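This is the structure, below, for whatever I ask next.
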Amino acid sequence: GTFDAVVLIDMDADAYPLARRETPLDMLAAKLDCQGIQAGSSVRHRIQMRRACSAGRSAVLAHTAHDRNGDERYAALAYDELKAALGNDASVVSELPHEGALFANLDPAGGAGARLVEATVPSAYSLAPDLARFLLLPTRSMGGVEVPRTLSASQIEAYLACPYSWLVGNRAATRRLDVGFGPIEMGNFVHDVMQRFHERLQEEGFVRVDSGNLDACLMQMDLAFAEMRADHARGKYTHGKYAREERPRAIRGPLVPLDELERNQIESMLPVLHEVVRHEADLMPGFIPAWFEYAFDKEGIAYAGRPLGGRIDRIDVAPAAGIRVGSFPERCERDRFVVIDYKNRSSVAALSCADPTMTLEEGHELDAAWLPGRDADKAPKVQTLIYAQALQCMGFGSAQGALYLGTRGPQVAGQVTDTLADSEPPSFPHDKVSGFPGVKSPRSRSALHDGTMAFTSLLDQVEQAIASELDALERGRIAPAPASDSCTYCPLTMCERRR
């Protein structure tokens, strides 16, 4: 041989697959309009190994027997064939050198007298026991004062969708430097416009949108749209409740157009929001939009055993008897309320779930870990359910629904009490919501009978299941476990479990 030694590494089935794969040689053959290599994979591997081994006076072949997860990796076919052909003539290295040999090679004393300490390396997607406590930090500093660290409903949703994606997005998050003009910024703008619109209705003395004041409400939407468009261009709020703070609050993720095309995109959003106003004219008669962007961080409320933070877009209230309609509602345990979250999308039907007890066979009980969407391999959508339970515990009254309002439909979906689902006049004349307990539809193929889960039981079930999930997080469970729709916007494009 020409060389003293030839070393062939990674002689495993992954590096030398038997399945036919297109290679650059195939592309070159097609470009040159020639036949190319016709030999099968096993034949080509034997030829490559024979030529490589004959190029040296000695040859060393190696392959990794187990991957980092401890799973077995199989040797290449040519490796096994050569080993079998040589039989006892092939010497097998019984003890391989490790990283300690690198130290000994660099040490002037050759490693004599050195003490080698072996450390156990955690398996993939796991933390050392002493590091798990840093996943959910108990406190944070605000203005030099240590306060409890809260979990928002969106953070909880992110963990339920995929623990590893939550870890990267919340514990190793990056911050964008540039202002964008995409779905996030458009969603922020629509949320701000809707909030300002309902603030203006209260300021002008309108209780809510109805058929009698629809034209006036559309005018208020025009004004709210113009105010928020100007505020986003400035990068800070100068209208609405945030403008009344001591220092005007900066807008996170403002929608700032940079050319005529983007300005036209913003203009096209106003007619869509007009349709939302028309949709609200007969949505849930008797309920009044009362609170907007309600914050939980300073409420001191616990959910699933952890301090709850974050905001909910809107709370609509049906005031108890004796409260003058039109007055700004106060917290009252006799009220009924519905939680609404805005989604800047045309359809929100997938965010609704039916009563799961309708599909249970007689004598069977609902799984304690059940969450909306899990039985359909979807990431659970529980944000409105979380805040409905929290508000009920805070004395806001009786929760009647947890809804999503798609602002580009417009469309409403979610879970409500059976009373609200079957009210007269109808609370949702243009939409389909899920009542609890559920009623079996004559055309349903999955429901076996009417459901038995009340809306309050749904809230309790979700909280208990989330508590178990967060317990697992505190124990260090961060391995990827995505649902079928969890990976769509996940930045981990190289994740081995991406779906």
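Tally up the residues in segment 14-39 that are more than 43 Å from the chain's Cα centre (by Cα) and either part of a helix (DSSP H, G or I) or closer than 12 Å to residue 78 by Cβ (or both), please.
5
Continuing with this model, one more query. Kindly indicate the residue of segment 433-460 that is assigned to a helix (DSSP H, G or I) and not small (Gly, Ala, Ser) and also surrounded by the fewest Cβ atoms within 10 Å (Cβ to Cβ) among those meeting that condition.
Result: 460.
In segment 258-313, which residues are part of a loop (DSSP other than H, G, I, E, B) and within 30 Å of residue 148 (Cα to Cα)?
Within segment 258-313, 296, 297, 298, 299, 300, 301, 304, 305, 310 qualify.
Quick one: count up the residues across segment 152-180 that are modelled with pLDDT of 80 or more and outside any strand (DSSP E or B).
Of the residues in segment 152-180, 17 are modelled with pLDDT of 80 or more and outside any strand (DSSP E or B).
Can you go through 368, 402, 388 and tell me which one is closer than 18 Å to residue 339 by Cα, under 27 Å from the mean Cα position of the chain (by Cα) and not in a helix (DSSP H, G or I)?
On inspection, the qualifying residue turns out to be 402.
What are the pairs with Cβ atoms under 6 angstrom where one residue, in segment 126-155, is closer than 27 Å to residue 379 by Cβ and the other, located anywhere, is of a type in the set (Asp, Glu) and part of a loop (DSSP other than H, G, I, E, B)? Sequence gap at least six, or different chains.
150/297
Do you know which residues across segment 389-432 are among the β-branched types (Val, Ile, Thr) and buried (at least 18 other Cβ atoms within 10 Å of the Cβ)?
407, 412, 416, 417, listed by residue number.
With respect to residue 478, is the statement that it is touching a residue at least 24 places away in the same chain (Cβ under 8 Å) and more than 28 Å from residue 345 (Cβ to Cβ) true?
Spelling it out, residue 478 is indeed touching a residue at least 24 places away in the same chain (Cβ under 8 Å) and more than 28 Å from residue 345 (Cβ to Cβ).
The values are calculated or read from the model by the stated rules, or taken from the named source; none is laboratory data. Keep in mind it's a predicted model, so treat the numbers as computed, not measured. Because the Cβ atoms are built from the backbone with ideal geometry, glycine has one as well, and the counts that use them run over all protein chains shown.
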